[in-house]
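Read through the structure below, which is laid out as structure tokens, and then see the notes.
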Amino acid sequence: WCPPCKAEMPDFETAYQKYGNDVEFVMVSHLAWGSDTIESAKSFYNSSGYTFPIYFDYQFEGYYAYDLQSIPRTIIINSDGTVCEYYTGMISEQILENAINSAK
């Protein structure tokens, strides 16, 4: 149901196709807001042709762990587990590219 989330997903798919072997993508469908269910989220994901891995935060673990205030939220974590950057709201393809490269 989240228009900004849907709008940025093609950029994440492009990045996943480009960096999939070098970067771990963890896409989380947060089910706290709106009318999403796991079934509706899976249906959207499957019908859109996305290939990045997706997880469902139906117990709000990610929500609380990363203090989500709004969606979408992009969190860049480097290889040693340190949060490098985070973005609240939709990000552009260029911001995503820059964030991935800064975390390498």
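The values are calculated or read from the model by the stated rules, or taken from the named source; none is laboratory data. Quick caveat: nothing in here was measured; it's all calculated off a predicted structure. Neighbour counts are summed over all protein chains in view; Cβ atoms, including those assigned to glycine, are modelled from backbone coordinates with ideal geometry. For the accessible areas, the whole protein counts, side chains as well, though only heavy atoms, and no ligand, DNA or RNA atoms are used. Shrake-Rupley method; radii C 1.70, N 1.55, O 1.52, S 1.80 Å.
Within the accessible surface of the chain, defined with a 1.4 Å probe on protein heavy atoms only, the carbon and sulfur portion equals 50 percent.
Dividing the C-alpha radius of gyration of the chain by 2.2 N^0.38 Å, with N its residue count, gives 1.03. Taking chymotrypsin sites (Phe, Trp or Tyr not before Pro) in DSSP loop states with no more than 13 other Cβ atoms inside 10 Å as exposed sites, the chain has its longest site-free stretch at 61-104. Subtracting the Cα-Cα distance of Tyr55 and Thr14 from 0.36 nm times their residue separation leaves 12.9 nm of extension gain.
Take segment 36-104 with all the other protein chains still there, run a 1.4 Å probe, and you get 65 Å² of accessible area per residue.
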